[in-house]
Each structure stands twice: as C-alpha cells, then as structure tokens.
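J.: There's a structure below that I have some questions on.
Values in this text are rule-based calculations from the coordinates and carry no lab data. The model shown is predicted, which means the values in this text are computed figures rather than measured ones. When we count neighbours, we look across all protein chains shown, and the Cβ atoms used for this are built from the backbone with ideal geometry, even at glycine.
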Amino acid sequence: MTSPYRIHVDNVSLRYFTQQGETQALQNINLSVKPGEFISLIGQSGCGKSTLLSILAGILPPSSGSVFVDGETIVGPNPRVGYMLQQDYLFEWRTILENTLLGAQIQNKDMAAAEKRAIQLLQKCGMGDYLHHYPRQLSGGMRQRVALARTLVTNPDVVLLDEPFSALDSQTRLSIADEVVDVLRDEGKSVILVTHDIGEAIAMTDRVIVLSRRPGRIKSVHHMEFPSTGGKRPTPFEARGCPEFNDYFNVLWDEIDAHVEG
Ligand code: ADP
Ligand code: MG
C-alpha cells in the first residue's frame, strides 16, 4: 500500500486499566506527518503525550484506531521507528561507541557497517573525539548527543523524541537543539517531538499540535512560518530572534492554559 504520509495516526484512543479504575488517556487522535516533516506535541503534564509516542513506537497497542508508518500498520516495535527518551539510558560500562552500537546489535545488523555508521554519526553529533570514553566522562548535553546517535544508527525513518532536553540546563538546551535539528534534517527524518517547552516547539518544528487536558484530544494545530526570514527555515536559535516567535508563543501559551494550575 502506498501512502503519502510517513506517519498516520487514525482515530486512536487509549484507555489504561488499573486496580484503581480506568483512565481515558487519549481520545480520537488523528494525525499525519509527511516524510521529512518535524512536528511537536505540547500540552499539560498528563495529557497523553508520552502515551501517544509509546503507541507510535509499537510498545503500547491502542484501545481503538491504528497507527501506520508508510502505510504499514504498527503492531509492535519496528526498526523504522526510533525512540529517544528524556533519560539517555547509556550503559556506564560500555564506551560511547559501544553504547551507540547497541540497537544495531539487538537488531542483528551487519556490525562492520553499523560501526562505520556509528562513527560517522558520532562525528556528526560532535562526539567524534569521545568514541572510547565512558558515559560518566561526559556532560549531560554530550550524553544526549550520544543517545541521538544511538537512535539513528539503525537508520529509522521516524524519530520520536520524548522531552529529550528537559534534564539539561537552559544554555545547553539551546545549543543542542540547533545541533539535533541539524542532524535530523540532514538525515531526512520525520520527527515527532514531545515537549512542555513552548519555545522549543516553535523553534524546532514545522507544526505544533496542542493536546487538550485528559483525555488528550487534538485541540489545535499551528504551522510555524517565518516570513521575516524570506521563506528560509531559520535554525532554532535564529527562530527565537524572529518577530513571529513571540506571536506564536503568546497564542500557544493561551492554548495550553499554561497559566492554569494542573
Ligand atoms: P504526558 O506524557 O502528557 O505527561 P502520559 O502519556 O504520561 O502524559 O499520561 C497520560 C495519562 O495516563 C496520565 O493521567 C497518566 O497518569 C496516565 N498513565 C500513564 N501511564 C499509565 C499506566 N501505565 N497505567 C495507568 N495510567 C497511566
Ligand atoms: Mg510524558
């Protein structure tokens, strides 16, 4: 089946069942992402952002509805989908290169080719001088770059990022956002970024999707366009200096009810 969409979420709902009862986490989510497009999901804590990524990663089956990658239904973990979490989960006893190769080993890839690609990716992520270091020797920002290289080593078409920078200080966040976007665009990935940082969503992605409070539904969709740069997509850092940035920020701030406790 051919599909114009890299990712297609078709009417997905999810209920969690626990001993305490039932939680409707997501309700009737419909969403499509084209090849090479970057989108972000924002919304208050508990609105179902991580739940949606877990469904896309094939870790959690939806209660109803389906998700597709290039027209193929996702029914379990899929090598075409890479998932990068807030915590880097690097193994302390493995070198940076060995950590980067983990996914390739699990997927039984040709290890000589994987190692070549891992080294190229680490270089691209600015970590070429640290191949034989151990995670404890790296700063938080460097660890996240390694986590990105590890996510990309198996060459997924889709990259899911769940609050990947939230453990980093604000200065590191700004510089790593530029680098990460650079690498992901260069690699031609389709990206879904979950963040609670409105600025990050505006600066890094082409389209911002606001989820309502639980049960998470799509509340609104916003296209990030920057006419002031003459049509050229600004880097995340440049975007923050564009006049459009504040306008988008104000609109999205109102949309997510960020000023309301909860
Ligand atoms: P977000 O990432 O937007 O903060 P989550 O997707 O983590 O939100 O959670 C959405 C809702 O589902 C929350 O109310 C959360 O408490 C609930 N939830 C998440 N995971 C589970 C689970 N494994 N079992 C039961 N409820 C869960
Ligand atoms: Mg979450």
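J.: In this structure, does Q27 turn out to be touching a His at 6+ places or on another chain (Cβ under 9 Å) and within 13 Å of ligand 1 (Cβ to nearest atom)? Full working, then the answer.
T.: On the way: touching a His at 6+ places or on another chain (Cβ under 9 Å): no; within 13 Å of ligand 1 (Cβ to nearest atom): yes.
In short, no.
J.: Still on this structure: Name the pairs: first residue in segment 43-59 and farther than 23 Å from P79 by Cβ, second residue near ligand 2 (Cβ under 9 Å from one of its atoms), Cβ to Cβ under 7 Å, at least 6 apart or on different chains?
T.: Final answer for the pair search is G43/K49; S45/H196; K49/V194.
J.: Same structure again: Residues that are closer than 30 Å to Q27 by Cβ: list the helices (runs of 4 or more DSSP H) wholly contained in segment 157-262 that include at least 2 such residues. Walk me through it before giving the result.
T.: On the way: elements: 170-186, 198-204, 236-240, 243-255.
Those helices (runs of 4 or more DSSP H) span 198-204, 243-255.
J.: Under the condition of being of a type outside the set (S, T, Y) and within 8 Å of ligand 1 (Cβ to nearest atom), which residue from segment 42-52 is nearest to G82 (Cα to Cα)?
T.: Among residues in segment 42-52 that are of a type outside the set (S, T, Y) and within 8 Å of ligand 1 (Cβ to nearest atom), the one nearest to G82 (Cα to Cα) is L52.
J.: Right, another one. Go through segment 155-183 and count every residue that is of a type outside the set (G, A, S) and buried (at least 20 other Cβ atoms within 10 Å of the Cβ). Steps first, please.
T.: Quick first cut of segment 155-183, residues of a type outside the set (G, A, S) only: 155-165, 168-169, 171-174, 176, 178-183.
Filter again for buried (at least 20 other Cβ atoms within 10 Å of the Cβ), leaving 156, 158-162, 164-165, 173, 176, 180-181.
Result for segment 155-183: 12.
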